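Each remark here refers to the structure printed beneath this line.
Please treat every number below as a calculation from the coordinates, not as lab data. From a predicted model like this one, the values you see are computed outputs, not experimental measurements. When we count neighbours, we look across all protein chains shown, and the Cβ atoms used for this are built from the backbone with ideal geometry, even at glycine.
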Amino acid sequence: MTVGRSRCAHDPRVVSASPSESLLVFSDVHLGSDIQDETVNKARRSRSVDRDLVRLLAHYRSQKPPADRWRIVIAGDFIDFIGMTVVPEAGAIHEDLTEEERDHGVGNSSEHARLKLARVAERHADVFAELAAFVADGHALSLVHGNHDIEFHWDAVKNDFRAFLLEHALGSALGTPPPRGAIERDAFLARIEFNPWFFYRDGVAYIEHGHQYDPFCATEHIMAPLSPLDPRRVARGFCDTLLRFVVRTTRGMKEHGHETGGLGHYLAFGAQLGFQGMVKLGIAFAKAVAEMFRLRRAHLSDAAKALRAEHDVLVARLAGATRLGVERLRALLSLQTPPITRTVPGIMRGVLLDRLAVALVAMLTLGVLALLGVFHSSHGLSAFATWAAAGVVIAWISLHVYFSRQRTIDPAEQMVERAAHLAKLFPAAFVVMGHTHIPVAVPAGAATYINVGSWAEEEDADRAADGEHSSALAYRAARTHLVIHVRNERPEAQFCTWEEDGPQLRVLPGSPPDA
C-alpha cells in the first residue's frame, strides 16, 4: 500500500463514493479487560494504551478532514464485556443470578452488561471524555459489535453508553466545561450509532469485526445473538466459556497464545501447577466441556428455532432499512462459519478431546499387547504383538497429525479468503476487519483487505510492581488505525501506527504497491 516510514501517504482507489465523511477506523481496544474482582488470574492492562488512544483521538479531532466531518468506526471489541470478572454488590443486580454467575461473576444479560459498562466508564473516563469531545465537535461515531462486546445488542446498554458520552460532553462527569460551545443533546446522541453486523459505505469501505469467520468465536445468529436456554442473556460461545470456566480461574494461564498450543503443551502446563493445581484445572476443564455440550443441545431446541425465525425477520428488516436487499444479506450469511459448539466433533476437536481419546485408546492397546507378549511367549504371538504395536503407534501418529490439522485456531487465512467474496457482494475499495489483533494489508480481489490490529496489551506481570518500569510489556499492541478520505470520488487510505510523535506509516509484508 505504501512504503517507507515517513508520515502517512495516500493510497487512492478509483471508486465513486459520497465525500461527506472521512473515516477513522480502529479495533480491539478491549476497555475493561483488567477489571477482575476476586479472580485468581488477573490481567494487568497497560496504562499507556489509554494515553495513546486519547492522543490519537485528539490529534485527528484537531485535523479538519476534506469531507464535512470525521466518522470514527470502531470495528468491534471496544469494550471487553466477556473479559471482565465483576462480582455484584448487594442490591446492584436485581434479577436472579445463575450458579455459574455466582462462581465466575455476572454474565451478559442487559442488567449485567450495564453494570460492567458503568465500571468501564469509570475506569477509562479519559477515553470516554475524548470520544465525547470528538462527537461534540460535530463528528460521528459508529461501533461495530465484536464477540467481546456483543452485549451492545441490548438497547439499555447502548443508551447507557450514549449517556456516559453525553455526560462528558456536558461537563458533568468530570466537572469540566463542555469542549466547545453549547451541546445540542438530540443531535449529539444521533451522531452515535451501533452496527450489530457491519458498517458499509458504497464503493469505499466494508467493515466488520471478523469473528463470524472464526468458529471458536462465531455467534449463531448475528442479528439475534440470544441464548435459547435463556433469552434474557446473550448466547455464550466456546471462547467465552473457556475464559470464564478455565482461564480466569487458573493461575498463570493467558487468554492469548493458544494458536500453537497442543496437547503436550497443556499437559506440561498442568504439571507445573502441582497435583492440587492440576486437579483443580481438570475439574474446571470438565465443567467447561459439560457447559459446551449443554450449549450444543440448546442449538437443537425449539427455542433455537424461534430465535432463527426472529433472526430472519431482523435480517429482512435490515435489508429494507439499508436497501441492500435480502438476497445480498443471505449471501453474506452464507460466508459465515458455524460456531464450533454446534457439533460434538467440533467440541471434541476444540478442546483436544479427540487427540486425548486417541492417546488413551492407543496406550491401553499397547498395554494389552505388551501383556500378551509377556504371558504368551510363543514366537507367533510375540511377532503378532510386535507388529500390532507398530501398527498402533503408526495409527496413533497418523490420527494425531490428522486431528492437529483439523484444529485451526487462527482464523486469519479464512478472513483474507472471505474478504475477496465480501468485496464482490459489497463493492468497496477496502474490506476492513479486526479480531485477530495482527495488522495486515493484502490484495483481496478488486479490493484491499486490511486488518486494523489492536490496542489491547498487558503489562508484564513480573515487572508490574517496579514503579517507573511498570510499563515494560510482554506484548506491545500494534496501535494501528486506518484513515480513509474521499477526494474527487477517489477513496484514499492511510494505514498508520500511532507513535509518540504521532501517526506513522505502517509497512507490512505483502502490502499492495503504491497506486
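Summary table below
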quantity: Distance in nm between pseudo-label sites at ARG342 and GLU327 (7 Å out along the Cβ direction from Cα); calculated: 2.4 nm
quantity: Integer Hz, Karplus 6.51/-1.76/1.60 couplings in order for the stretch 131-148, x for Gly and Pro; calculated: 4, 4, 5, 4, 5, 5, 7, x, 8, 10, 9, 10, 10, 7, 6, x, 6, 8
quantity: For LEU425, net neighbour charge (Lys/Arg +1, Asp/Glu -1) across residues whose Cβ lies under 13 Å away; calculated: +1
quantity: Placed amide H near GLY146: partners under 5 Å, 5+ positions off or other chain; calculated: ASP77, PHE78
quantity: Taking the stretch 226-337 and dividing mean pair separation by its residue count, relative contact order in percent (alpha carbons under 8 Å, at least six apart); calculated: 28 percent
quantity: Radius 13 Å from Cβ of GLY270, net charge of other residues (Lys, Arg +1; Asp, Glu -1); calculated: +2
quantity: Low-density loop positions, trypsin sites (Lys or Arg not before Pro), the stretch 269-327 - DSSP coil, at most 13 other Cβ in 10 Å; calculated: ARG323
quantity: Residue exposure sequence - MET223, MET433, MET363 - by fewest surrounding Cβ within 10 Å; calculated: MET363, MET223, MET433
quantity: Gained length - LEU364 relative to ARG47, 0.36 nm times residue gap less alpha-carbon distance; calculated: 109.0 nm
quantity: Interchain or long-range residues, amide H under 5 Å from GLY453's placed H; calculated: HIS437, ILE438, VAL440
quantity: Vicinal HN-Hα couplings computed from phi for the stretch 105-113 (Karplus, 6.51 cos²θ - 1.76 cosθ + 1.60; Hz; Gly/Pro x); calculated: x, 4, x, 10, 5, 4, 5, 5, 5
quantity: Long-range amide H partners of THR448 with built H, under 5 Å; calculated: PHE430, VAL431
quantity: Longest to shortest principal axis, alpha-carbon extents of the stretch 226-337, angstrom; calculated: 58, 29, 19
